[in-house]
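Written out below as structure tokens is the structure these notes cover.
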Amino acid sequence: MKFFNLRANHTDVRTEVLAGFTTFISMSYILFVQPAMLAQAGMDKGAVFTSTAAVSIFGTLMMAFIANMPIAISTGMGINSAFVFSVVLQQGYSWQEALSAMLLAGLLYLIVVITPIRDWIINIFPNDLKSAISAGIGLLIATIGLTGSGLIVADPATFTTMGSLTSPQSLLTIAGVLITLALYYYRIPGAIFLGMMVTTILGLVTGLVHAPSQVVSSVPSLKPTFGVAFSHLPSVMNWHILPIVLTFFLVAFFDTTGTILGVQKQMGTDRDTNKSLIASALGNISAAVFGTSPATAFVESNAGVSAGGRTGLTSVVVAILFALSLFFSPLLTMITPQITASALIVVGVLMLGNLKDIDWTNFKIAASAFLIVLGMPLTHSISDGILLGGGVYLVLSALDWIKKQFTK
């Protein structure tokens, strides 16, 4: 335990273990949401379950031993929707090619964080637009939850409209969302995970969800996804893939940076942020190798910090719990879009809180942020939203520069 400097960080083993459990419970929903999400891109649910756990174990251990931080790494919400709905379903790339693009993005991520380019990238957009990107992703994943569950459906006249609110599946979705919102409102630890579990039980009782024949089983094989990113690299080595690579990189980079800085602020420490970014970059590369969508530092790590977590020992506990979870893959068959909807919508609500950090009195910022936030859910594309708002910001900034040259 000397490695983690528990005494110097004013903590102990018991506190760190409790914090690890708190973080894991808060973020464990990703094990069930991720396979359901990526299955829509044609990926094997069992393999995605195992790869998601593997990335969580590897990335979180990197955070523990490289940065000694109580931060958990796993496949990020929001960026997984970009992987499925934008890259695969909308732009027509195969999931194998998407993994290859991820690998390139992960390598770019690592290069950036070990060079001075890191600071330039962080400052390319003001913090207001970084907040807008997070908020836009929140709206996008909430939209995915609402449409996937059937609460919002297609309409030839208005594009979308309210679905049936009296169908059994819709009622299960509504119940799940309300239960999860209530749990989160009253600050129950692991509210998202517990909300999904309560909704699943409700579905089992009503016959809308069918129980698996077994609960514990052998670990699902990684064979369908492991190493696929390498074999499909030749097919993505062209300029057309560049926007996708940059999207994977920028979203993961900014999301992780924001989480790390937030955790450091909550802890009252100024530890080397770059070590945490290096650990995150390695986790991102592992996501492509194992075969799942991009990894990021989970904001739920703040729950563990609130419980007293101060060192990498908290992260080690999280990794161990993810390893134990590998043997419960049969439970995946019970996780339907009606159940994952609650997680997607609640996470969307939380991410939308970033709007408060935007200076809406500055028209250049307001116009750019508005187009980012609105563009993502309407186009079902993170990169298109960034292109809309970021493009406006760069054009208006260029006009500002030209004006200054003529007024000197």
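Structure above, values below:
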| item | result |
| --- | --- |
| Yes/no for Ala279 being among the small types (Gly, Ala, Ser), closer than 30 Å to Ser397 by Cβ, open to solvent by less than 10 Å² (accessible area, probe 1.4 Å) and out of contact with any Ser or Thr (no Cβ under 7 Å at 6 or more places or on another chain) | no |
| Which numbered condition Leu146 misses (of (1) in contact (Cβ under 8 Å) with a residue 12 or more places away in the chain; (2) assigned to a loop (DSSP other than H, G, I, E, B); (3) open to solvent by less than 70 Å² (accessible area, probe 1.4 Å)) | (2) |
| Members of region 160-200 found to be without any contact (Cβ under 8 Å) to a residue 12 or more places away in the chain and within 17 Å of Gly145 (Cα to Cα), listed by number | Thr161, Met162, Leu171, Leu178, Met197 |
| Single match in Ala39, Ala72, Ala53, Ala47 (criterion: of a type in the set (A, V, I, L, M) and open to solvent by 10 Å² or more (accessible area, probe 1.4 Å)) | Ala39 |
| Within region 78-92, considering residues that are open to solvent by 60 Å² or more (accessible area, probe 1.4 Å) and part of a helix (DSSP H, G or I), the one farthest from Pro337 (Cα to Cα) | Gln90 |
| Residue check, Leu99 buried (at least 17 other Cβ atoms within 10 Å of the Cβ), within 29 Å of Val395 (Cα to Cα) and of a type in the set (A, V, I, L, M) | no |
| Sole exception among (1) surrounded by fewer than 19 Cβ atoms within 10 Å (Cβ to Cβ); (2) over 28 Å from Phe253 (Cβ atoms); (3) modelled with pLDDT under 85 for Trp120, by number | (2) |
| Residue check, Ala132 open to solvent by less than 10 Å² (accessible area, probe 1.4 Å), among the hydrophobic types (A, V, I, L, M, F, W, C), modelled with pLDDT of 85 or more and within 20 Å of Asn284 (Cβ to Cβ) | no |
| Residue identified as at pLDDT 80 or above, over 30 Å from Met196 (Cα atoms) and either in contact with a Leu (Cβ under 8 Å, 6 or more places away or on another chain) or crowded, with 20+ Cβ neighbours inside 10 Å (or both) among Ala398, Ala369 | Ala369 |
| Residues located in region 203-241, provided they are open to solvent by 70 Å² or more (accessible area, probe 1.4 Å), at pLDDT 90 or above and aliphatic (A, V, I, L, M) | Val205 |
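The values are calculated or read from the model by the stated rules, or taken from the named source; none is laboratory data. Not measured: the values here are computed from a predicted model. Counting neighbours? That spans all protein chains shown, and the Cβs are built from the backbone with ideal geometry, glycine included. Protein only, heavy atoms only, side chains kept; ligands, DNA and RNA dropped before computing areas. Shrake-Rupley method; radii C 1.70, N 1.55, O 1.52, S 1.80 Å.
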